[in-house]
Amino acid sequence: MPAGTEGAHRRLGAGRPAGVGAHPPDQDGVRPDGGAQPRTLCESAVTRPATVAARLGAFSGPDLPDPDGLRSCVHCGICLPQCPTYQILGEEMDSPRGRLYLVRAAAEGRLDITPTFTRHLDLCLGCRACETACPSGVPFGRLLEATRGQIERRGRGPARRALETLIFGLFPHPRRLGPALRLLALYQRSGLQSLVRARGLLRPFPRLRAMEQLLAAVPRVGRLPALVPAVGARRGRVGLLTGCVQRLLYPQVNAETARLLSRAGWDVVIPAGQGCCGALHLHGGRLDEFRRLAGALAQAFPEALDHLVVNAAGCGSAIREYGHWLGEAAPAAALARKTRDVTELLVNADLPLRPVEAVATYHDACHLVHGQGIRSAPRALLARIPGLRLVELPESDLCCGSAGVYNLLEPQMADRLLERKVDNIAATGATLLVAGNPGCLLQIAKGCRARGLVVEVLHPVEVLARAVGP
Ligand code: SF4
Ligand code: SF4
């Protein structure tokens, strides 16, 4: 497959064995034991587009979970061993098949959106490992997002509502997140953080504690120019998405992305007014806000671009969904079709590479490997670097527990997954852990710090930048 197309060729159900995709959808209601149920999915909703108000059992439109998608699950269970929450809890209802059963039961009017229903859906990481494994092409991510939209529309309890207000009021808003991080830096440097940690003052507040532990040090952020011109032979013009978390917590990743792309012959356009891509909103089921942010992002970039380059897996995965949620004719969908992960563009770039003597291991961010189907480009990019020995990470595509803001909403499950990830990293003996998503970098760095494991946690672009030199 040519460079830059690995993710572009991602289709739902990719990897399905030949012939399996033709499996006729199960037309009848099905119990978990495989027996027939008398009621079927509401046919009036089946033929309606997602944006038209309708009813589907316990759900009401717009943005109903797609009945055909629900029916395409043949209950084979192939996805179960790939599901992190099923691996940890061993509960059918915390597996992809169990969650699909719940959503389908609600869609058929056999179940309401109860607290138990919501709990099993909340515990899902949205990692989409089940989608990669599924031979029937069940669009689990979209079904989950639509179902979460239904849960959000019903409203949340006061504690969850307060937490979501804090998270969604802060993280997707760089103008608010920036000052909040400056306060955090003050808290870190003043010695208050050491005092709070030594006395265990946040132990009774696990979610606040998870937030506090995530950041080691807040970096200083410089401004990027609006245009970084190509160096040498010009290949074309790309836009760079700077992201909300990436631009404030990993500004060096954006700066190095722009520098390396320009060295590879691309003019890099970096609009200062670009906002959030809406990834957190999509994964949280806040679909109206997601559409608004997607539309605004498309307006922020000029149309005359060869590619939109993204260096945060969660953002890239959400942007590639613009066509589904906004319609293929929307300007945002055109931007989505141009979207490439930075490793797809740099993997074959003509760059002078010096040796980097280190042992590295690569963690597959869920929204890169499962959300965009990008597995080989980052590995090939790292393999090109002389001196760098790449050791395969056991369970490299098992979620680290970050999953957007999952580690803040569900810190216990996130910590159990992080423990497992750090065990696997320690077993490789690597001194560099490489991952293409800021959430994973934060989460894994936190786990390594807590374990006392001396491992540098870096984005692939940072490793490549070391090889290219200043
Ligand atoms: S998205 Fe991830 S956590 Fe959720 S059901 Fe699928 S594999 Fe399990
Ligand atoms: S989601 Fe796919 S892999 Fe999982 S049980 Fe259903 S058909 Fe099988």
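Just so it is clear, none of the values below were taken in a lab; they were calculated from the coordinates. All values reported here derive from a predicted model rather than from experimental measurement. Here Cβ is always computed from backbone atoms with ideal geometry, including for glycine, and neighbour counts include all displayed protein chains.
Here are some notes:
- Charge dipole (debye, nearest 20) of segment 158-214; +1 at Cβ of Lys and Arg, -1 at Cβ of Asp and Glu: 60 debye
- Site pair residue 197 and residue 223 shows an inter-label distance of 3.4 nm when each label is modelled 7 Å from Cα along Cα→Cβ.
- Computed over Cα pairs, the Kirkwood radius of the chain leads via Stokes-Einstein (0.890 mPa s, 25 °C) to a diffusion coefficient of 107 µm² per second.
- Taking θ as phi - 60° and the Karplus parameters 6.51, -1.76 and 1.60, the scalar couplings of segment 178-195 work out to x, x, 5, 5, 5, 5, 5, 4, 5, 4, 6, 7, 6, x, 5, 4, 4, 5 Hz in sequence order, x denoting glycine and proline.
- Where N is the number of residues in segment 312-470, Cα Rg divided by 2.2 N^0.38 Å: 1.08
- Zone of residue 431's modelled label, taken as backbone nitrogen in segment 361-393 under 14 Å from a point 7 Å along Cα→Cβ: 361, 387-390
- In a simple Cβ point-charge model (Lys, Arg +1; Asp, Glu -1; nothing else charged), the chain has a dipole of about 1340 debye relative to its Cα centre.
- Amide N of segment 57-71 lying under 17 Å from the label point, which is placed 7 angstrom from the Cα of residue 324 along Cα→Cβ: 63-71
- Net +/- balance of residues flanking residue 350 in space, Cβ distance below 13 Å, scoring K and R +1, D and E -1: +4
- Compared with the direct C-alpha span, the chain from residue 156 to residue 304 gains 49.0 nm at full extension, assuming 0.36 nm per residue.
- Computed P(r) (all Cα pairs; segment 158-214; 5 Å bins; percent): 4, 16, 22, 26, 19, 12, 2
- Counting only DSSP beta bridges with both residues in the chain, the antiparallel share comes to about 25 percent.
- Using a cutoff of 8 angstrom between alpha carbon atoms and counting only pairs six or more residues apart, the relative contact order for the chain works out to 15 percent.
- Other-chain or far-sequence residues with amide H under 5 Å of residue 55's (modelled H): 61
- Selection from 257, 293, 217 lying farthest towards where the dipole of segment 146-304 points positive, charges on Cβ: 217
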